[in-house]
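The values are calculated or read from the model by the stated rules, or taken from the named source; none is laboratory data. These numbers were taken from a predicted model, which means no experiment stands behind them. Here the Cβ positions follow ideal geometry from the backbone for every residue, glycine too, while neighbour counts run over all protein chains shown. In case anyone asks, the SASA skips ligands and DNA or RNA and just uses the protein heavy atoms, side chains included. Shrake-Rupley method; radii C 1.70, N 1.55, O 1.52, S 1.80 Å.
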Amino acid sequence: QVQVVESGGGLVQAGGSLRLSCAASGRTFGSYAMAWFRQAPRKEREFVAAVSWNDGHTYYTDSVKGRFTIFRDNARNTAHLQMNSLKPEDTAVYYCAAAMSRVGFNAAEYDYWGQGTQVTVSS
């Protein structure tokens, strides 16, 4: 069993930056693919970024490429999402997720989820 807890959300002006953090319990954290999803009001949850468990390869949705960076620290059982050049359309609840397998791009492929953290970008 893995428990996932996010932190770091908040309110920021357009063009600003935020770093989201995800702390996961469990001795096998290093074996999990980690990802961030987001869900805006009246929209479906969407994939944002992911990092593989073995080689650290990263994946991003097109709308955040060049602005967001996902990285993990297996020694500390943490994963982070550095968000720069934020836009109002990035406003959403952001969720950290863990998968007991390779990286996926659909929410259904992830086994454990955090409670979510709100990110609001004002124009």
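What the table below lists for this structure:
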{"read-out": "Rounded to whole Å, sorted largest first: equivalent-ellipsoid semi-axes of the chain, Cα gyration tensor", "value": "23, 14, 13"}
{"read-out": "Gaussian network model of the chain, springs between alpha carbon atoms under 10 Å - residue of K43, K87, K65 with greatest fluctuation", "value": "K43"}
{"read-out": "Of all accessible heavy-atom area on the chain, the percent that carbon and sulfur account for (1.4 Å)", "value": "46 percent"}
{"read-out": "Summed side-chain charge close to R102 - residues other than R102 whose Cβ falls under 11 Å, Lys, Arg +1, Asp, Glu -1", "value": "-2"}
{"read-out": "Proximal charge balance of S7 [Cβ under 14 Å; K/R count +1, D/E count -1]", "value": "+1"}
{"read-out": "Surface per residue (accessible, 1.4 Å probe) for segment 8-123, Å²", "value": "52 Å²"}
